[in-house]
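As structure tokens, the structure follows; a few thoughts come after it.
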Amino acid sequence: MIVVLKRGATAEDIAVVSEEVRQAGYEPRVIQGVELTVIAAVGDERSQGSLESLTAQDAVQQVIRVQKRYKLASRSTKPEDTVISAAGYQIGGGSFGVMAGPCSVESREQILTLADQMSAAGAIFLRGGAFKPRTSPYEFQGLGQEGLDLLREARERTGLGIITEVLSQRDIELVGDCTDIFQIGTRNAQNYALLTEVAATGKPVLLKRGWASKVEEWILAAEYILVQGNPNVILCERGIRTFETAVRNTLDLGAVALAKRETHLPVVVDPSQGCGRRDLVEPLSLAALAAGADGLLIEVHAHPEQAWSDGPQQITPEQLNHLIGRLDRLCPMFDKQLVRREEPAIL
Ligand code: PEP
Ligand code: MN
């Protein structure tokens with residue numbers, strides 16, 4: 001960190017601030033310029049305390065951070081891509097995988113039929129919420145335990161991996177007994193107590209970006225999981241809140257390209273929450289591949305007009321089929337290989 005002193009700082013000010021820097025565990029190096037004096041605080045600012053509170057001192061003008069705040073997630077710490085293994089499938093590296101299914105698990109008939117269709121289309125994970133974080137308490141909250149049992153049945157039937165959301169610490173064991181990947185939703189993206197406990201299970205975690213999170217905050221949230229010794233983190237861009245109202249959220253594909261550069265973690269894109277409109281899911285999915293994403297999380301429903309949640313943004317199984325066909329052809333152009341299930345679904 002660099003501590004910039006105010007114009008006219010005295011020798012005594014320099015000595016006092018230098019001592020504070022030393023007390024915080026850094027080695028102070030005083031650099032006296034023509035106009036300003038700065039104190040370079042030498043040390044690892046990712047593991048030592050911040051010096052930002054020094055700005056409260058009269059003699060200090062500014063404290064500037066020189067290192068990134070995340071280290072375990074950083075590509076400079078680990079240059080090679082992290083490849084995560086879940087339910088026998090690899091996520092990250094040179095592979096591109098599709099996770100697809102309804103917004104919510106609604107019934108046995110719905111999820112089992114859809115699971116067969118997702119598997120036949122070439123998805124490798126079945127998504128579906130059993131615990132739904134709804135903006136209004138009067139909206140469908142998910143089938144809970146029953147939904148988890150149905151997802152388990154769908155996995156046994158098709159061999160698809162399962163990804164489903166965990167909303168609270170209370171449900172970690174319950175959801176963990178069923179799922180291959182924990183989904184942490186946008187509303188819990190900075191719920192550090194939840195992230196810490198989910199991380200402790202050692203299972204893969206798909207961490208959505210908070211709808212008002214900066215990229216740095218998103219990566220630091222991932223750092224909360226990594227610091228628990230769980231390396232299995234998948235970042236997921238799902239759109240952020242902006243001034244734009246033509247779409248539900250603004251899908252930030254720039255953040256995807258940036259996260260791929262800044263971190264070694266796999267990054268997937270959820271174009272469904274990302275735009276809120278079925279007709280934009282395919283173009284945004286293709287753009288996600290081009291931006292460097294390692295996969296997609298897509299909402300699919302056999303009858304979107306009857307869906308219990310997020311109807312307007314769910315595509316049909318036929319549309320998923322079409323999309324996966326295009327991805328399959330395009331993947332090699334972006335040095336990726338579409339991961340597919342090897343055996344056909346048991347129907
Ligand atoms: C979802 O995937 O259905 C969902 C609720 O996502 P998000 O947390 O991104 O809103
Ligand atoms: Mn949804």
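The values are calculated or read from the model by the stated rules, or taken from the named source; none is laboratory data. These numbers were taken from a predicted model, which means no experiment stands behind them. Glycine also receives a Cβ, built like all others from the backbone with ideal geometry; neighbour counts cover every protein chain displayed.
Pick from region 113-150 the residues that are under 13 Å from Pro317 (Cα atoms) and hydrophobic (A, V, I, L, M, F, W, C): which of them is nearest to ligand 1 (Cβ to nearest atom)? Across region 113-150, the extreme among qualifying residues is Leu126. Pairs meeting the criteria (first residue in region 135-148 and in contact (Cβ under 8 Å) with a residue 40 or more places away in the chain, second residue surrounded by 13 or more Cβ atoms within 10 Å (Cβ to Cβ) and of a type in the set (Phe, Trp, Tyr), beta carbons under 7 Å, at least 6 apart or on different chains) are Phe140/Trp308.
What is the one condition in (1) surrounded by fewer than 24 Cβ atoms within 10 Å (Cβ to Cβ); (2) in a loop (DSSP other than H, G, I, E, B); (3) within 16 Å of ligand 1 (Cβ to nearest atom) that Ala302 does not satisfy? The number of the failed condition is (3).
Among the residues of this structure, Gly239 counts as one that is within 12 Å of ligand 1 (Cβ to nearest atom) and in contact with a Cys (Cβ under 8 Å, 6 or more places away or on another chain).
Check region 236-247 and report whether any residue there is under 24 Å from Ala193 (Cβ atoms) and of a type in the set (Val, Ile, Thr). Looking through region 236-247, at least one residue is under 24 Å from Ala193 (Cβ atoms) and of a type in the set (Val, Ile, Thr). Could you check Glu173 against (1) touching a strand residue (DSSP E or B) at 6+ places or on another chain (Cβ under 9 Å); (2) among the charged types (D, E, K, R); (3) away from ligand 2 (no atom under 16 Å from the Cβ) and say which number it fails? Just one mismatch for Glu173, condition (1). Does Ala307 qualify as being within 16 Å of ligand 1 (Cβ to nearest atom) and either closer than 16 Å to Gly94 by Cα or not assigned by TED's automatic domain parsing to the domain that holds Pro133 (or both)? No; evaluated as a whole, the condition is false for this residue.
Go through region 1-26 and report how many residues are farther than 18 Å from Gln62 by Cβ and under 36 Å from the mean Cα position of the chain (by Cα). Looking only at that region, the number is 1.
Among the residues of region 241-277, write down those that are within 16 Å of ligand 2 (Cβ to nearest atom) and assigned to a strand (DSSP E or B). Within region 241-277, Val268, Val269 meet the criteria. For Asp116, the stated conditions hold: it is in the same structural domain as Pro266 (by TED's automatic domain parsing), touching a residue at least 60 places away in the same chain (Cβ under 8 Å) and more than 16 Å from ligand 2 (Cβ to nearest atom).
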